[in-house]
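This report concerns only the one structure given below.
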Amino acid sequence: MARDLNKVQLTGRLGADPTLRRTAHGSAISTFRIATNRSWRSSAGVAHEETEWFYVVAWDQLADLCQRSLAKGTHIYIEGRLKTRQWAEADGHQRSTTEVIASEIILLTEQNLAV
């Protein structure tokens, strides 16, 4: 049996407050986006910066924790896995999105960044 790995680790800041909803069976789902920034200098010394946005989904107790503890601009560490969802729009067009399904979220404060 093959041993595969689907693991994501990100640090970034929330672009907006998380949203919380419940499934028909009562499970909590929190969704939000985080921005990760990367900066570098070209060989000519020109500074560059790019921002990548990631959709994040947290379930159950982690979703409730997100709703209580996270807000726009919060700096966090996320560990999870990638999941691609596909669906058909009302007009028949196929859509897809790739999300990070969070298994761990840590608030990054000035205090724990100094470690």
Margin query: Please go through (1) surrounded by 12 or more Cβ atoms within 10 Å (Cβ to Cβ); (2) in contact with a Ser or Thr (Cβ under 7 Å, 6 or more places away or on another chain) for E52 and return the number of the only condition it doesn't satisfy.
Written below: (1)
Next item on the list: From the list Q9, Q61, pick out the single residue that is at pLDDT 95 or above, exposed (fewer than 10 other Cβ atoms within 10 Å of the Cβ) and of a type in the set (S, T, N, Q).
Entry: Q61
Next item on the list: Give just the number: which of (1) touching a Ser or Thr at 6+ places or on another chain (Cβ under 8 Å); (2) of a type in the set (F, W, Y); (3) without any contact (Cβ under 8 Å) to a residue 12 or more places away in the chain does W40 not satisfy?
Entry: (1)
Next item on the list: Give the residue that is nearest to L10 (Cα to Cα), with candidates limited to residues of region 71-97 that are in contact (Cβ under 8 Å) with a residue 24 or more places away in the chain and of a type in the set (D, E, K, R).
Entry: E79
Margin query: I'd like to know if region 79-95 contains one or more residues that are within 12 Å of the chain's Cα centre (by Cα), surrounded by 13 or more Cβ atoms within 10 Å (Cβ to Cβ) and not basic (K, R).
Written below: yes
Check: in contact with a helix residue (DSSP H, G or I) (Cβ under 9 Å, 6 or more places away or on another chain) and under 20 Å from N6 (Cβ atoms): does that describe A28?
Finding: no
Check: Residue check, S39 against (1) of a type in the set (S, T, Y); (2) touching an Asp or Glu at 6+ places or on another chain (Cβ under 6 Å); (3) surrounded by 12 or more Cβ atoms within 10 Å (Cβ to Cβ), all met but one. Which one?
Finding: (3)
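Listed here are the residues, each with its yes/no results for (1) closer than 20 Å to L107 by Cβ; (2) acidic (D, E); (3) touching a residue at least 24 places away in the same chain (Cβ under 8 Å); (4) touching an Asp or Glu at 6+ places or on another chain (Cβ under 7 Å).
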{"residue": "T19", "(1), (2), (3), (4)": "yes, no, no, no"}
{"residue": "A24", "(1), (2), (3), (4)": "no, no, no, no"}
{"residue": "S27", "(1), (2), (3), (4)": "no, no, yes, yes"}
{"residue": "G45", "(1), (2), (3), (4)": "no, no, no, no"}
{"residue": "E50", "(1), (2), (3), (4)": "no, yes, no, no"}
{"residue": "Y55", "(1), (2), (3), (4)": "yes, no, yes, yes"}
{"residue": "S69", "(1), (2), (3), (4)": "yes, no, yes, no"}
Next item on the list: Taking the options A24, A47, name whichever one is surrounded by fewer than 10 Cβ atoms within 10 Å (Cβ to Cβ) and either in contact with a Lys or Arg (Cβ under 7 Å, 6 or more places away or on another chain) or of a type in the set (F, W, Y) (or both).
Entry: A47
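The values are calculated or read from the model by the stated rules, or taken from the named source; none is laboratory data. Because the structure is a prediction, the values reported are computed rather than measured. Backbone-built Cβ (ideal geometry, glycine too); neighbour counts: all protein chains shown.
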